Amino acid sequence: MASEYNYLIQSDSLVINGVDDAKKFQKLVEALDIVQMCKEEQEQAYAMIAAVLWLGNISFQSIDNEHYVEASADEALTSAARLMGCTSNELNQALSTHRVQAGKDSFAKKLTLQQAIDTRDALAKFIYASLFDWLVEQINKSLGVHKKYIGRSISILDIYGFESFKKNSFEQFCINYANERLQQHFNRHLFKLEQEEYGLDGIDWNNVDFEDNQECLDLFEKKPLGIFSLLDEESNFPNSTDFTLANKLKQHLHSSSYFKGDRGRAFGVRHFAGEVLYDTNGFLEKNRDSLNSELVQLLSSCNSQLPRLFARKRINQSLKPTISSDTPKQSVGTNFKGQLFKLMHQLENTKPHFIRCIKPNCKQLPDMYEEELVLQQLRYCGILEVVKISRAGYPTRMTHLEFAERYGFLLLETNASQDPLSISVAVLKQFNVLPDMYRVGFTKLYLRTGQIGALEDRRKQVLQGVIQVQKYFRGHRARRLFHELNKGAKTIQSFVCGENIRRKYAIEANRCSSFASHLLDEQLASVIYLQSVIRGWLARRDFNNMHNLKQLNRESVKSRRKDMPHEQQIQVVPSVMAELQRKVLKAEAILGQKEQENATLREQLQQYEARWLEYEAKMKSMEDMWQKQMASLQTSLAAARKSLAADSNAGQRRGDVVSPRYYDSEDNVSMGSRTPVGNMPDVVGGRENGSLNAVGNLLKEFEQRRQTFDDDAKSLAEIRMAQPTSNVNPDDEFRRLKRRFETWKKEYKLRLKETKARLHKRGYESDKTRRKWWEKLGSRS
């Protein structure tokens, strides 16, 4: 599709005929990409533009030499139909025929050449206008217009301006009418409303005369004898022409001073910018909306998306007038006037600011200034009157309350009871403002140009002084607060740093102490090992030297004895004896030293033996005490055993009457318990078994504890005998052993009492059970 319509456009020599056109087309594509229009939508827009161009090239030919025509089956017809998404036959039928409704029946009517051309042009104009509206809608949708509207906006209205050519048609007529309406808006805001405000507020004011164009607007808009009304009326007549339109305008509007009738089809209108002569040729055709129902139906049946969208909007618009008015459809001029009224309504709800553009010359050349042309534009646009009213008026306007609030503090003497009007007048008098330079109204204070400047300068100076005072005060307060915060921060930092350093020091001290002790132990072990090695080496060296010396002495003595005579040998003996005596004396000294050390060790051994005897006496006393306590505990256990044995014997005697095989021999008499092995009933046997087991457990624990304490005492004695210089203190160990024995004794006595109580209780219950069992046994026998 893209290559097709690009070829079609190129063949018409309108686009991409040169480097400049190619660059412009590339910029167009980039702009469409910026507004987020997808490639498919761009291709559809290009297709509609190409279809409009091909529609303009469609020609018509007569049928059988009659005045009715049909479209020529050439490239223009087929290309336009293909781009629109319909067939050539459908497009030909829509352009060359018109369906007329006659009651319930309808028939197709052939069109003349002029009617077919008008239909073709109406279709092209409709597609082009709809495409323009669609592009604007897509751009607004991409920019998010009206999505985040908060009630305030800045709008810019740019209009082409007043037009006056040698031949002015319907387009210039509509443009100049829009300029006339905007000029009325300009005059209303700059002349009418301002002068009315002066009068309403009681200001002595001489009105400035200006040219009001309301009568010219009435010439266009008045009903039923305005130009637009007469144009619509003439457009609805089937046999009307442009000449009849001109005659009707001259007939009804000749009395207006702003209308001028001319010969033929021309008429003139005196606008605010000057008189313009219009030619009515083509007015009726351009004003009529000649898009018939067959063309709308054709667009609805097209395969392309955009033609169907245009047709749907057209149908929706055609339904609205039937609901609101009796007119079946509106003309182009009426639609233009309605859109202009809507625009003016929006402008009335805003605060306008006007910018007038003055054309310096008609040749569109730089650095050329035509005084007559510029003066004519200034005079026509009302700029001279605006300057006049601005110089004579009071552009600065403020309510009394606003003026008092803004400049009231500049008074040297203030009084809170004064009203805003009095404060405003007092401020003006204090600053020597001349009475001609201001006016006091009912609600506002009006000042001429330049009078507010002195007040603003003084206000600025006072505010700057106030700001300076505030600045220094805030700076002083900020600095004081900073110093306080800095001092507090430093204090906190000092405490935190001290705590951190103390913690680090404690960690380092612990680490260094552990490391130092470990290092000291390692160094000491190394020194001892080194000393042992050195001493061993020295001892071995001395021993080897002595051994070697003895060998040498022996060998030398032997050799001398052999070589020397007997007398010389006898002479050597005294020297050897002296050496031997010296060694003997040395050995005796060493022996005496060793005997002293042995005596010292004997004394230490006697002391250790005395202390050991003392420890043995203490151990014997503690053993006696343990024996006594054990005896008391054994006595208590024997009493409990006897009471339990008595109960058991009584039960046994009763059981022996029936059968002696219910109990075996007493093998565990020393433990004070019997073991039943017969068929005694479960109740009696179970209870006696539980009692015997409890006593047996106590006896077993007693024997185990006694054995444990004896073993601990013996182990302490063995340790003491094996290592008399040990670091273990026997007294402390015996005290701990005694405390453990006392604790266990208390707990054991308590459990013994509980066992006795439980035995007495169970003995009573067992008697009752045995009696019941005995009675049952007697009844059986």
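Okay, here's what the table says:
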{"quantity": "Top-ranked residue of region 51-72 - restricted to ones that are without any contact (Cβ under 8 Å) to a residue 24 or more places away in the chain and either of a type in the set (A, V, I, L, M, F, W, C) or surrounded by 13 or more Cβ atoms within 10 Å (Cβ to Cβ) (or both), ranked as nearest to Q114 (Cα to Cα)", "calculated": "S59"}
{"quantity": "Tally of residues being assigned to a loop (DSSP other than H, G, I, E, B), touching a residue at least 12 places away in the same chain (Cβ under 8 Å) and under 24 Å from Q184 (Cβ atoms) across region 245-302", "calculated": "5"}
{"quantity": "Set D262, D289, D326: member being open to solvent by 70 Å² or more (accessible area, probe 1.4 Å), among the acidic types (D, E) and at pLDDT below 90", "calculated": "D326"}
{"quantity": "Residue within region 276-286 that is among the aliphatic types (A, V, I, L, M) and under 60 Å from the mean Cα position of the chain (by Cα) present", "calculated": "no"}
{"quantity": "Residue that is farthest from L143 (Cα to Cα), among those in region 18-50 that are surrounded by 12 or more Cβ atoms within 10 Å (Cβ to Cβ) and among the charged types (D, E, K, R)", "calculated": "D21"}
{"quantity": "Which listed residue, of I127, I175, is at pLDDT 90 or above and within 21 Å of W54 (Cα to Cα)", "calculated": "I127"}
{"quantity": "Test: E484 is part of a helix (DSSP H, G or I) and open to solvent by 70 Å² or more (accessible area, probe 1.4 Å)", "calculated": "yes"}
{"quantity": "Region 453-507, residues that are among the polar types (S, T, N, Q) and either over 30 Å from E402 (Cα atoms) or in contact (Cβ under 8 Å) with a residue 24 or more places away in the chain (or both)", "calculated": "N486, T491, Q493, S494, N500"}
{"quantity": "Restricting region 396-429 to residues that are touching a strand residue (DSSP E or B) at 6+ places or on another chain (Cβ under 8 Å) and not in a helix (DSSP H, G or I), the residue that is nearest to I452 (Cα to Cα)", "calculated": "T396"}
{"quantity": "Region 21-43, residues that are over 22 Å from L83 (Cβ atoms) and outside any helix (DSSP H, G or I)", "calculated": "V35, Q36"}
{"quantity": "Matching residues in region 73-86 - criterion: being surrounded by 14 or more Cβ atoms within 10 Å (Cβ to Cβ) and either farther than 24 Å from W134 by Cβ or not polar (S, T, N, Q) (or both)", "calculated": "A76, L77, T78, A80, A81, R82, L83, M84, G85, C86"}
{"quantity": "Residue that is nearest to D242 (Cα to Cα) [pool: residues in region 159-179 that are among the hydroxyl-bearing types (S, T, Y) and either open to solvent by 20 Å² or more (accessible area, probe 1.4 Å) or part of a loop (DSSP other than H, G, I, E, B) (or both)]", "calculated": "S169"}
{"quantity": "Conditions (1) open to solvent by 70 Å² or more (accessible area, probe 1.4 Å); (2) over 20 Å from I175 (Cα atoms); (3) in contact (Cβ under 8 Å) with a residue 12 or more places away in the chain: number failed by V374", "calculated": "(1)"}
{"quantity": "Residue satisfying all of: in region 89-105; exposed (fewer than 15 other Cβ atoms within 10 Å of the Cβ) and over 20 Å from R314 (Cβ atoms); modelled with the lowest pLDDT among these", "calculated": "G103"}
{"quantity": "Scope region 379-416; condition open to solvent by 70 Å² or more (accessible area, probe 1.4 Å), more than 55 Å from the chain's Cα centre (by Cα) and touching a residue at least 24 places away in the same chain (Cβ under 8 Å); matching residues", "calculated": "Y380, K388, R391"}
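Every residue, every condition in (1) outside any helix (DSSP H, G or I); (2) open to solvent by less than 30 Å² (accessible area, probe 1.4 Å); (3) in contact (Cβ under 8 Å) with a residue 40 or more places away in the chain, yes or no:
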| site | (1), (2), (3) |
| --- | --- |
| L157 | yes, no, yes |
| L190 | no, no, yes |
| E211 | yes, no, yes |
| C216 | no, yes, yes |
| L219 | no, yes, yes |
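The values are calculated or read from the model by the stated rules, or taken from the named source; none is laboratory data. For clarity, every value in this text was computed on a predicted model and none was experimentally measured. Because the Cβ atoms are built from the backbone with ideal geometry, glycine has one as well, and the counts that use them run over all protein chains shown. Note: areas computed on protein heavy atoms with side chains; ligands, DNA, RNA excluded. Shrake-Rupley method; radii C 1.70, N 1.55, O 1.52, S 1.80 Å.
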